Amino acid sequence: MNETNASPFSIKQALSDGWQTLKPRFWLFIGAFLLMFAIDIAFQLTASVPTIIIPAFQEIQFLVFGLMGFSFVIMIAGAVVKTVNAMGLIRIPLSLIDKKETSIKDLFTCFPLFLKYIASNILYALIFIGGLILLIVPGIIWALKYIFWSYAIIDKNMGPIEAIKYSGKITQGAKWKLFCFFLVLVGVNLLGALALIIGLAVTIPLSITAYAHVYRTLANRADSQPTASVKTD
């Protein structure tokens with residue numbers, strides 16, 4: 001993987017910093033998850049209404065098509081809102097780390113970045129699939145290399161290609177450590193699931209804040225280095 005000997009970040013420190021970030025704002029994350037769940041349920045219920053009504057009007061074709069169209073529009077709107085909420089879950093911990101004011105409203109502040117996010121997501125997926133075609137290992141390496149594309153968009157308002165390149169820059173020398181970090185997060189969340197599922201209410205927000213700390217550490221490290229000194233894989 002062409003990794004350097006110097007440790008780019010500490011997994012233990014990331015978890016510790018993640019916990020220190022989470023602890024005073026724990027209920028902000030719980031509230032955010034509950035709100036996202038409620039919104040998702042509301043969209044699903046609204047989209048399902050036409051399927052209940054259609055049988056009663058199945059002989060009126062234009063009304064059936066209208067109801068089906070309504071259901072489709074609601075499903076698309078729900079997917080958009082769900083994606084924007086996911087982006088908000090990136091903005092919230094970054095704002096907390098940077099000592100900026102943040103609230104549950106930040107779940108909805110990333111709408112202007114939606115198209116950039118979708119385009120970057122598609123680009124990232126194509127890169128990952130291309131790597132898997134090349135005997136799987138390159139796919140894993142590239143997935144780790146470009147994993148922070150979404151953070152680059154939300155943190156620095158970058159475009160799709162710029163965000164992918166920036167992620168490649170900041171993960172230089174860190175991919176093996178990132179792989180270990182993700183394994184640790186899997187283990188942490190498995191323990192949370194074993195704790196009667198309730199533990200996930202702590203381990204999932206902890207994973208999100210720890211992940212944001214890793215991004216900020218790598219970004220600060222890369223941004224402090226001269227451009228010429230940053231190598232590519």
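Coordinate-derived values only; no laboratory data. Keep in mind it's a predicted model, so treat the numbers as computed, not measured. Because the Cβ atoms are built from the backbone with ideal geometry, glycine has one as well, and the counts that use them run over all protein chains shown.
Karplus-based coupling profile of segment 76-84, in residue order and whole Hz: 5, 4, x, 5, 5, 4, 4, 5, 4, with θ = phi - 60° in 6.51 cos²θ - 1.76 cosθ + 1.60 and x standing for Gly or Pro.
For the chain, what does the alpha-carbon gyration tensor say about shape, rounded, prolate or oblate, given a ≥ b ≥ c as the root eigenvalues, a/c under 1.5 as rounded, and a/b over b/c as prolate?
Details: a/c = 2.12, a/b = 1.62, b/c = 1.31.
In terms of gyration-tensor shape, prolate.
Computed extension length for residue 23-residue 46: 4.7 nm, one decimal, from 0.36 nm per residue of separation with the Cα-Cα distance subtracted. Ellipticity at 222 nm from helices only: DSSP H runs of n ≥ 4 in the chain, each -39500 (n - 2.57), divided by the residue count, give -24500 deg cm²/dmol.
Amide H to amide H, with H built 1.01 Å from N, residue 158 comes under 5 Å of 153, counting only residues 5 or more places away or on other chains. Treating the angle as unsigned and between 0 and 90°, give the value, to the nearest 10°, between the Cα long axis of helix 200-223 and the longest Cα principal axis of the chain. Compared with the principal axis, the helix lies near 50 degrees. Compared with the alpha-carbon gap, the fully stretched path from residue 136 to residue 12 is longer by 41.8 nm at 0.36 nm per residue.
Site pair residue 30 and residue 73 shows an inter-label distance of 3.8 nm when each label is modelled 7 Å from Cα along Cα→Cβ.
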